[in-house]
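Have a look at the structure below before the remarks.
The values are calculated or read from the model by the stated rules, or taken from the named source; none is laboratory data. Keep in mind that what you see is a predicted model, and the values were worked out from it rather than measured. Cβ placement follows ideal geometry from the backbone for every residue including glycine, while neighbour counts extend to all protein chains displayed.
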Amino acid sequence: MTLSVSGLSAVRSGRTILHPTSLEIPLQIRIGLVGSSGSGKSTLGHALIDDLRAQGHTVAHVPQSPDEALDPLRSMAFHWREAETALGLPPGSADQAGLFGALKIEGGDLSKRPWGWSRGMQQRFVIAMALIGNPDLIVLDEPTSALDPVVAAATMELLSAFLTGKDTAMILITHDLGLAARRVERLMVMDAGRLVETGRTEDILERPKTRAANALSTHRNWMVLPC
Ligand SMILES: Nc1ncnc2c1ncn2[C@@H]1O[C@H](COP(=O)(O)OP(=O)(O)OP(=O)(O)O)[C@@H](O)[C@H]1O
Ligand SMILES: [Mg+2]
């Protein structure tokens, strides 16, 4: 199966911030959606999620910060039950032990509120919730930018390992090419509300065709960083 959208666009305050965009996303693929700040990555991510959900696909979203996904007044157990309920699953039926094991969520007290957990563990918990029900696609919007580099790298490694062999496709939105380059087989480059270049990761890094891709690949020495 391939996830497919066509003619996605967005206008805000009379300005076109996403020009008509069509995409084909095969299952199992891992794609990096990259581009400078304000190029329209999050806008495309949201438009894509809305369109695919309207088509009946299951699409999970992981925001930049766990604060956006977790209510500080609710326990972690409450959030987990809410995620199950949203998917129409009976409480306690998701494979919590499997997901917690895969994402190394260890020793966390589920009766605590988010601030009783470390930031890294909160974000891994948010990713685990997103993976309940094996979605067709998981869209992660700058998922580790609020974490320190070592925790960020470990989180991406755990997610990559978990997704290996699964049908769930992944779109990793980031302006950190170092984070994307090692974990995605394809890159989509955005510039000023348009998808200007797509292709295999190494092709875009080695032979960028557009100004935006060239600007990103110029910084490919970032790839030596651990995250
Ligand atoms: N609700 C809105 N009203 C007006 N302009 C908006 C709105 N949302 C986004 N924009 C503008 O649209 C453009 C794209 O925004 P978007 O958040 O998609 O970029 P981005 O690539 O995700 O950036 P970043 O890397 O900083 O997260 C930006 O110029 C932004 O200011
Ligand atoms: Mg964004």
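Descriptive notes on the structure:
Residue-wise test of (1) at pLDDT 95 or above; (2) within 22 Å of Ala47 (Cα to Cα); (3) of a type in the set (Gly, Ala, Ser).
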residue: Ile105; (1), (2), (3): no, no, no
residue: Phe125; (1), (2), (3): yes, no, no
residue: Ala128; (1), (2), (3): yes, no, yes
residue: Asp136; (1), (2), (3): yes, yes, no
residue: Lys166; (1), (2), (3): no, no, no
residue: His175; (1), (2), (3): no, yes, no
residue: Leu179; (1), (2), (3): no, no, no
residue: Arg194; (1), (2), (3): yes, yes, no
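- The residues in the stretch 53-78 that are over 30 Å from Ser6 (Cβ atoms), assigned to a helix (DSSP H, G or I) and either hydroxyl-bearing (Ser, Thr, Tyr) or under 19 Å from the mean Cα position of the chain (by Cα) (or both) can be counted, and the count is 2.
- Single match in Val126, Val150, Val139 (criterion: in contact with a Pro (Cβ under 6 Å, 6 or more places away or on another chain), in contact (Cβ under 8 Å) with a residue 12 or more places away in the chain and not basic (Lys, Arg)): Val126
- The set of residues from the stretch 52-68 being free of Cβ contacts under 8 Å to residues at least 12 places away in the same chain and within 11 Å of Ile127 (Cα to Cα) is empty.
- Residue in the stretch 33-53 that is farther than 30 Å from Pro208 by Cα and either at pLDDT below 95 or more than 16 Å from ligand 1 (Cβ to nearest atom) (or both) present: yes
So that you can scan it fast, the table gives a plain yes or no per residue for (1) away from ligand 2 (no atom under 16 Å from the Cβ); (2) under 25 Å from Gly133 (Cβ atoms); (3) among the acidic types (Asp, Glu):
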{"site": "Pro149", "(1), (2), (3)": "yes, no, no"}
{"site": "Thr155", "(1), (2), (3)": "yes, yes, no"}
{"site": "Phe162", "(1), (2), (3)": "yes, yes, no"}
{"site": "His175", "(1), (2), (3)": "no, no, no"}
{"site": "Gly178", "(1), (2), (3)": "yes, no, no"}
{"site": "Met188", "(1), (2), (3)": "no, no, no"}
